[in-house]
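The numbers here are math on the coordinates, done by the rules we state, and not lab data. Everything numeric in this text was worked out from a predicted model, so none of it was measured. A quick note on method: Cβ atoms are made from the backbone with ideal geometry, for glycine too, and the neighbour counts reach across all protein chains shown.
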Amino acid sequence: MAASHEAMTTLSIVMPNYNYGHFVADAVRSALDVDWPDVEVIVVDDGSTDNSLEVLAAFGDRITVISQENSGPRVACNRGFAASRGDVVIFLDSDDQVERSIAREVAAVWRPGISKVQVQMQRVDKHDVEVGGVFPKYPGTPSPEQIQAWMAATSAYPTPPGSGNVYSREFLERLFPLDGRCGDATDSACLAAAPYLGDVVTIVKPLVRYRIHQDNRSKLNDPVRFTRQIERAYQRHQFALEISGQSAAEADVVVPLRRGRHLLQMRVAELRLNGGEPPVPHDSRSRQLKDTLRSVAAPGPEPSLDRLLIAGWCLATMFAPQRVARRLIRRRFG
């Protein structure tokens, strides 16, 4: 397990920004308003062509601004982390916001051995009006041991995306600077490695506001996006095994991927939409059928009814006429 300080001291909020001049001020204000005695806010502007730098300049020396040529969020977060000093770090997307109480809530559960504390996120629209509810939905409060078991068995566990995670610096120092093995997103590597290199502690409370707007809507019903998501899941699990010193042979990567219920749905959708060579090695309709039938009893946090509904959707999508299958995929992922 990664070692951590006995008590949380300095919180670093690292914020990559690209052309979010209309949102970044709200994100910075939320970070500056966090109730904690030692908070540093570092914004890495990734070559914005809008008014982002002008907006950030208005905060003066209350924040640190680093400018770079457009290089992507992974490179921006590498630079921000290298410039930070906190023993606890949040990578806050520049269209999201943290709640004022987040540091106090995290400090209350902080202890040695933690890789990250994860919280729930409240969806808000571009006007900061709450919409769509809170996510992720946790089955009670999962223990670190449960999360480690789910990750080992299925390559997945219930987790928020980037802004909803508060990381131990000692954990991050084992990963950073991030290379391209998990793509350009910062959270892919961090989320995958966290259960292998420390304890993941969960706070079942919305402490981050996740903004939904036209520029960040995932279009998972796009066949290309299905392929990319599945490829990234493979890369993330391979990376997590490698960084933790475990075997990353094909069988050790593929078998847990086949047990993951969310990934199973994407595999089914991808094969129906694209056909051809699947992103997961040796995948096929017969393989997916076996995985679907086994998925009801496979490890994971999903309740029994959800498992049955997922299996039913997979079977219907596999065997329905193409027109109906596309409709089922749109309803599930649109």
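Where in the chain are the DSSP H helices whose alpha-carbon span along the long axis reaches 24 Å or more and whose Kyte-Doolittle mean is at least -1.0?
In the chain, the long hydrophobic H runs are 223-243.
Tell me, what is the Rg over Rh of segment 11-216, with Rh the Kirkwood radius over Cα pairs?
0.94
Equivalent ellipsoid semi-axes for segment 42-90, as square roots of 5 times the alpha carbon gyration tensor eigenvalues: give them largest first, rounded to whole Å.
18, 15, 7
Once Lys and Arg get +1 and Asp and Glu get -1 on their Cβ, which of Val28, Ala316, Pro16 lies farthest toward the positive end of the dipole of the chain?
Ala316
List the relative contact order of the chain as a percent without decimals, with contacts defined as Cα pairs under 8 Å and 6+ residues apart. Could the numbers behind the result be given before it?
Working: 616 pairs, mean separation 59.8, N = 334.
Rounded, it is 18 percent for the chain.
May I ask you to compute the full-extension gain from Asp184 to Asp306, defined as 0.36 nm times their residue separation minus their alpha-carbon distance, rounded to one decimal in nm?
So the chain would gain 40.7 nm between Asp184 and Asp306.
If each DSSP helix of 4+ residues adds -39,500 (n - 2.57) and the sum is divided by the residues in the chain, what number results at 222 nm, nearest 500 deg cm²/dmol?
-13500 deg cm²/dmol
Say we join alpha carbon atoms closer than 10 Å with springs in a Gaussian network model of the chain; which of Asp61, Asp179, Asp35 then has the biggest fluctuation?
Asp61
Have a look at Gly334, Thr202, Gln288 and report the one farthest towards the positive end of the charge dipole of the chain, computed about the Cα centre with Cβ charges (Lys/Arg +1, Asp/Glu -1).
Farthest along the dipole direction, towards plus: Gln288.
Based solely on C-alpha atoms, express the radius of gyration and the Dmax of segment 9-95 in angstrom.
So, for segment 9-95, Rg and Dmax equal 11.7, 36 Å respectively.
Just want the ordering: Asp283, Asp46, from fewest to most Cβ atoms lying within 10 Å of their own Cβ.
Going from sparsest to densest Cβ surroundings: Asp283, Asp46.
With point charges of +1 on the Cβ of Lys and Arg and -1 on the Cβ of Asp and Glu, referenced to the Cα centre of segment 102-157, which listed residue (Ala103, Ile114, Ala156) lies farthest in the positive direction of the dipole?
Ile114
With charges set only on the Cβ (+1 for Lys and Arg, -1 for Asp and Glu), what does the dipole of the chain come to about its Cα centre, in debye to the nearest 20?
The dipole magnitude comes to about 1900 debye.
Over the Cα atoms, compute the radius of gyration (one decimal) and Dmax (the largest Cα-Cα distance, rounded to a whole number) for segment 193-334, in Å.
16.3, 46
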